[in-house]
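I have placed the structure first, in the form of C-alpha cells, so that the comments after it can refer back to it.
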Amino acid sequence: MDSALILTADMKLVLGLVGLTMALFLFDRIRADVVALVVLVLLGLTGLVAPEDLFGGFSGGAVISVISTMILGAGLERTGALNRLAGWLLRRAHGVEQRLLLLTTAVAGLNSSIMQNPSVMALYLPVASRLSSRTGLALSRLLLPIAAAIVMGGALTMVGNSPLILLNDLLVSANSNLPSGAATLEPLRMFAPLPIGLALLGASLLYFRYYGDKRLSDESEGGVTPARTESYFARAYGIEGDVFELTVSADSPLVGMSLGEAESLRGAPLLLALKTGNESRLAPPADARIWVGSVLGAMGPRDKVADFAQNQFLRMSTRLREFRDLFNPSRAGISEAVVPPTSKFIGKTSADLQLRKQSGISLLAINRDKDVIRDNVRQVPLRAGDMLVLHSIWQDLGEAAAAKDFVVVTDYPKGEQRPHKFKIAMTIFAITMLLALSSRIPVSIALMTGVAGMLIAGVLHIDEAYAAINWKTVFLMACLIPLGWAMDSSGAAAWIAGHTIARLPEGLPVWVLEIAVGVLTTSFALVISHVGATIVMVPMAVNLALAAGGNPTAFALIVALSASNNFMTASNPVMSMITGPAGYTSKELWKIGGPLALIYIAITVLAVNVMFWGK
C-alpha cells in the first residue's frame, strides 16, 4: 500500500461527507434516515457515485435480507411462539431466579441469530413483563441481561444483525478496488461467525451470572413491572380507584363544554368514556361535546369522584349500566408501552398526535427517568424511552401498536393469532435456514423464499408483512451503502490506511491493529449507529489489513461485530427500548455495560484470529 497516495479532490469530498454525517448523527438535530437521504443526494450531485449505481443500495442483497428477517420474525410471532416460550421458561425455571435468568437470556440470544435484534427485543419485552409479573422479579434484573444476550447472539449467523448482513455486500464491492495481485475477498457463509457468536453469548451469560447480576437494581419499585392489576398501577403511577358513571344534569356547568375542558377542571378524575345519545365511546376525543343526558365514565377514588360529581351537578352511579361492555377487562384496560427511537411520536405531544381521536387511546401518565408525569400529560412532548400508561380497547391498542411507534410491554389480548399455523411456520423457517446454508443460493433469495412460503401458507397476510418492516432501518441502510462505495472507489479508505500505517511503529503486531479497529468501530457506533459505523469502517479496515499484511476478511469481520458492541447508550436500538421500562440510568448502563464492551472486543479479536489462523 502506498502511504504517499495523493489526497485528491474526490477523496476530500468523501472525507468531508463522512465528517458531515458523523456531526449530524452526533448532534441529533435531524432524524438519522433524513441524514442518510441528504448524504445520498450529495453523493449523486457531486458525482462521487455514478447515477446508475446511486440507488443500488435499495436493491442490494443486504437490504432484502433485512426486510426478509423482519417479516419472518413477524410470522413466528403471529403463531404464538413467544407465548409458548414464556410458559416453557417458567416451567423449566421452577421458580429459581438464577435458572430463570439463565434460560431466558440464553434462549433470547439464540433467537437473535435468526431475527433482527430490535425485533427480538420487541418480542421479549412482553415475555419479560409476563415473567416479572408472575414471579415478582424486578424487570430491571431481567431486561439488561436479555438485551446483552440478544446483542451477543446476533453474532451467531450472518443474518443476526444489520452489520453482518451488510458485510458480505461490502466485501464483494471491495473487490473492485483491491490492488493488483491481492486475493479476491469471498463472502462469508451463513454460519461462519457461529464459534465467535457462541463465545460472545457464553461470555454474556457468565458476566451476568457472576458480576453484572450483583450490580443490577433489586428494587422492584425502581423499575416498571407491567401487570394488568389495580395494585400495580396504583403503586407505580397513583392511578387507582374504580370506574363510575356520571350522568350530566341540566344544571351542570359541564353542559356545552368539550371533554378536554372538563378534564382541566380542578379535582377532575380520569374521564375515560363518554356516551352522548346512542353513541358510547372509550377514549373520546378532547373536542367531544358534553350535553344534557351525556354519561361520563370516570375513574378515581370514590371520594374524589363523588366530590367532582357534587360540584358539577352530576348524578353518580357505582353500577355500570352504559359502559359495562366497554370496561370489560377482556375487552379493554390499562397498558404500558415504551417509545422506541424510531417512533414518529418523538417530539410530539398526545394532543398533537390526537391519540384519542385517531386511535381510541387515552394517555394517563408518562414514566420518564423514574419520574411519573400525570399533570397536563397531554401537553408533554414525548421522548425515546418514555414509558406511556395507556387506557384503550385492546383491539385499538393492537392496531395502533402495529405502526411500531410504541412497543406495548403489558401482556394483553392481541389481534388475530394463528397458533394452528405454528408447525407450518416452523417447517417453512427450517427449510429457509437449510436453503441459506447452501452456497448455491444467495442468503437474500433463501430468506425471501421463506417469506413467500409464509404468505402462501397464510401464516401472514401481505399487509401484516408490510407492517412488520421497519422502513426507517431499511432506508437508513440503503442510503448509506453508497457512502461506503465512495470511500473505497475514491481511494479515501486506502489513503487513511496508508497514512495510518506510516505513522505506526514498525513491527507492530497485527492483533494490536485489530483491537484498535474494534475500539474505533465501537466508538463510531456510539455516534453514527451500527449501520453507519460498518459502512464507514469496512473499507478502511480492508485497506488497513492490506497495508499491514493482515487478513482483510478478518479485519472486516471485526468491524461488523464491533459495530454492535454498544451496551451503554440509546444509539443502540435494543438499549433504547429497555431504559424506560426498567428505569435504568445512564450511569448504571455505563457501569454495567462498559466492562462488557471491553470483554466483547477482547473475545472478538481473539476468536477471529483463531478462526482465521494461517489464512
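Take the Cβ-Cβ distance between SER59 and HIS499 as r, set R0 to 30 Å, and report the resulting FRET efficiency rounded to the nearest 0.05.
0.30
Can you compute the helix-only [θ] at 222 nm over the chain? Use -39500 (n - 2.57) per DSSP H run of at least 4 residues, normalise by all residues, nearest 500 deg cm²/dmol.
It comes out at -17500 deg cm²/dmol, rounded to the nearest 500.
Once the Cα atoms are used to define both axes, helix 302-311 deviates from the longest principal axis of the chain by about 60 degrees.
For Rg/Rh (Cα atoms, Kirkwood Rh), the value computed from the atomic coordinates appears in the list (i) 1.03; (ii) 0.98; (iii) 1.15 under label (i). Residues in segment 285-294 carry Karplus couplings, in order, of x, 5, 8, 5, 8, 9, 10, 4, x, 5 Hz; the curve used is 6.51 cos²θ - 1.76 cosθ + 1.60 with θ = phi - 60°, and Gly or Pro positions show x.
The amide H of LEU270, built 1.01 Å from its N in the peptide plane, has MET299 as neighbours under 5 Å, considering only residues 5 or more places off or on other chains.
Tell me whether segment 335-408 comes out rounded, prolate or oblate; compute the Cα gyration tensor, take square roots of the eigenvalues as a ≥ b ≥ c, and use a/c under 1.5 as the rounded threshold. Rounded, since a/c falls under 1.5. Can you tell me how segment 466-615 classifies by the Cα gyration tensor, rounded, prolate or oblate, using a/c under 1.5 as the rounded cut? Because a/c hits 1.5 or more and a/b fails to exceed b/c, segment 466-615 counts as oblate. Using Cβ point charges alone (K and R +1, D and E -1), the dipole size of segment 230-317 about the Cα centre works out to roughly 40 debye. Using the Cα gyration tensor of segment 230-317, with a ≥ b ≥ c the square roots of its eigenvalues, what is the shape: rounded (a/c below 1.5), prolate (a/b larger than b/c) or oblate (neither)? In terms of gyration-tensor shape, prolate. Sequentially through segment 65-70, phi angles give Karplus couplings (6.51, -1.76, 1.60; θ = phi - 60°) of 5, 4, 4, 5, 5, 5 Hz, Gly and Pro residues having no value and appearing as x. As a proxy for reagent exposure, VAL151, VAL14, VAL107 were ordered by neighbouring Cβ count within 10 angstrom, fewest first; the result is VAL107, VAL14, VAL151.
Segment 1-70 and segment 415-480 have their alpha-carbon centroids 28 Å apart. Against the main long axis of the alpha-carbon atoms of the chain, helix 140-153 sits at an angle near 30°. Distance from the C-alpha centroid of segment 101-121 to that of segment 298-313: 47 Å, rounded to the whole angstrom. By the count of neighbouring beta-carbon atoms within 10 Å, fewest first, ASP369, ASP386 end up ordered ASP369, ASP386.
As a proxy for reagent exposure, ranking GLU263, GLU245 by other Cβ atoms within 10 Å from fewest up yields GLU263, GLU245. Relative to the longest principal axis of the Cα atoms of the chain, the long axis of helix 573-582 lies at roughly 30 degrees. Ignoring the sites themselves, the chain has its longest run without chymotrypsin sites (Phe, Trp or Tyr not before Pro) in a DSSP loop having at most 16 other Cβ atoms within 10 Å at 314-611. Of the trypsin sites (Lys or Arg not before Pro) found in segment 436-510, the ones in coil according to DSSP and having at most 12 other Cβ atoms within 10 Å of their Cβ are ARG440, ARG503.
Sequence-ordered 3J(HN,Hα) estimates for segment 171-179 from the Karplus curve with 6.51, -1.76 and 1.60 and θ = phi - 60° stand at 5, 4, 5, 5, 4, 6, 10, 6, x Hz, glycine and proline given as x.
Once backbone amide H atoms are built at 1.01 Å from N, ILE361 has ARG356 as its partners under 5 Å, excluding neighbours fewer than 5 places away on the same chain.
Readers should treat all values here as calculations from the given coordinates under stated rules, not as data from a laboratory. What you are looking at is a predicted structure, and each value in this text was computed from that prediction instead of being measured. No Cβ is skipped: glycine too gets one built from the backbone with ideal geometry, and neighbour counts run over all protein chains shown.
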